[in-house]
Amino acid sequence: MSDFYHVSVLLEECLEGLNIKPDGIYVDGTLGGAGHSSRIAAKLTTGRLIGIDRDPVALKAAGERLKPYGDRVTLVHSNFCEIRQVLQDLGIEAVDGILLDLGVSSPQLDDGERGFSYMADAPLDMRMDRGDSLTAHAVVNTWSQEELKRILYDYGEERYAPQIAAAICRRREEKPIETTLELCDIIRSAMPAAALREKQHPAKRSFQAIRIAVNDELGSVEKVMKDAVSCLAPGGRLAIITFHSLEDRIVKCGMANAAKGCTCPPNFPVCVCGKKPQVKVLTRKPIVSGDEELERNPRARSAKLRICEKI
């Protein structure tokens, strides 16, 4: 389990943004390798940290790393979008901070057996929680050509989505597509020579798209944006790191809507909806990694941190 090591992105910025109180209750909804959580737990005295992760491998590794903090830490196997239910089950009414790092942990990407990587041959899986039923194998072999094209374009921003989706469907008519490298070959075969000469691996965008679909990552972000603010105590903070423009848009709009309050049409002379602002957004623009962090961890390049505070 000690092999599960993940470089925490925007670590100091998250700790500062959460404004941690020694007696506060905090949730790390994407525990991963517990890089953020171990620093949060170290700042607590009588406080409590709730660590949530949908990957049992990550949860076990985090448990080892957080052992020094004893009963200050409670670990829960769940999806971060179920935060309201998790807190309810623990008898916690409100918390002082919630952190979500929406990036996939490096060990998940780098573990060839998990099927996330286009660099190693493995069965098509890509499940963050292997207890879930939907796999990359099912997406690639059973989803319609139109649906494959949609996810490749929307989730992967893959400009050759129509060609790749068509190539996948042609190949699976002969026999099921079983492995990651088999899928890589199909993706390559559908792309023009100029695209294959680009610095980025030709399968990167497609693999990202399929992973997002398998784990319903955008659906989880949409759900948590509806529920997380209601889980905060007054003055509590929500800090979210995104790595993809679609996720960032959901987070940005979710925070803006919670800060707006009134949803009445602009031409109404007075407010009739009665909705009040729930938060104030503390990051007018997202916080991004500096040069020093990017040199240590190039994967932080696309990271954006947004923070809001419950009113």
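For region 197-311, a Kirkwood radius taken over Cα pairs fed into Stokes-Einstein (10 °C, viscosity 1.306 mPa s) yields D = 97 µm²/s.
When only Cα pairs below 8 angstrom with a gap of at least 6 residues are kept, the chain shows a relative contact order of 17 percent.
The mean sequence distance of close C-alpha pairs (under 8 Å, at least 6 residues apart), as a share of the length of region 165-277, puts its relative contact order at 15 percent. Fraction of C-alpha pairs exceeding 27 angstrom in region 52-177: 35 percent, rounded to a whole number. At 7 Å along the Cα-to-beta-carbon direction for both Ala120 and Arg170, put a label point, then send me their distance in nm to one decimal. In this crude label model, Ala120 to Arg170 measures out at 3.2 nm. For the options Cys231, Cys81, Cys264, a Gaussian network treatment of the chain with springs between C-alpha atoms closer than 10 Å singles out Cys264 as fluctuating the most. Mind checking region 91-192 for trypsin sites (Lys or Arg not before Pro) that DSSP puts in a loop (not H, G, I, E or B) and that have at most 16 other Cβ atoms within 10 Å? In loop regions of region 91-192 (DSSP not H, G, I, E or B), the sparsely surrounded trypsin sites (Lys or Arg not before Pro) are Arg130, Arg159.
Rounded to the nearest 5, the antiparallel percentage of DSSP beta bridges internal to the chain is 40%. Averaging over all projection directions, the Cα-based convex hull of the chain occupies 18.2 nm² in the image plane.
Ligands, DNA and RNA left out, the 1.4 Å accessible surface of the chain is 50% carbon and sulfur atoms. Spatial offset of region 212-279 relative to region 146-201 amounts to 34 Å, using the alpha carbon center of each. What pairs in Lys199/Lys226; Lys175/Lys223; Lys21/Lys304; Lys67/Lys252; Lys204/Lys260; Lys226/Lys304 have C-alpha atoms more than 31 Å from each other? Going by Cα-Cα distance, Lys199/Lys226; Lys175/Lys223; Lys67/Lys252; Lys204/Lys260 fall outside the 31 Å limit.
Sites listed here are GluC sites (Glu not before Pro) in region 157-238 whose DSSP assignment is loop and whose Cβ has at most 11 other Cβ atoms within 10 Å: Glu198.
Ligands, DNA and RNA excluded, the heavy atoms of Asp185 present near 90 Å² of accessible surface to a 1.4 Å solvent probe. Sorted largest first by accessible area at a 1.4 angstrom probe radius, with every protein chain in place, the residues Phe207, Phe268, Phe243 fall in the order Phe268, Phe243, Phe207. Overall form of region 131-177: oblate. Here a/c, set by the Cα gyration tensor axes a ≥ b ≥ c, is 1.5 or more, and a/b is not larger than b/c. When the chain is modelled as a GNM with alpha-carbon springs shorter than 10 Å, which of Leu238, Leu59, Leu15 fluctuates the most? Among Leu238, Leu59, Leu15, the largest mean-square fluctuation in the Gaussian network model of the chain belongs to Leu15. On the beta carbon distance between Val270 and Arg84, with R0 = 30 Å, the FRET formula returns roughly 0.40. Straight-line reach from Lys149: taking Cα to Cα under 19 Å and skipping same-chain neighbours fewer than 8 places apart, the aspartates and glutamates in range are Glu157, Glu158, Glu173, Glu182, Asp185, Asp216, Glu217. With protein chains left intact and a 1.4 Å probe, residues in the chain average 49 Å² of accessible area per residue.
The values are calculated or read from the model by the stated rules, or taken from the named source; none is laboratory data. Keep in mind it's a predicted model, so treat the numbers as computed, not measured. Cβ coordinates were reconstructed from backbone atoms using ideal geometry, including for glycine residues, and neighbour counts include every protein chain displayed. Ligands, DNA and RNA are excluded from the accessible area calculation, which covers all protein heavy atoms including side chains. Shrake-Rupley method; radii C 1.70, N 1.55, O 1.52, S 1.80 Å.
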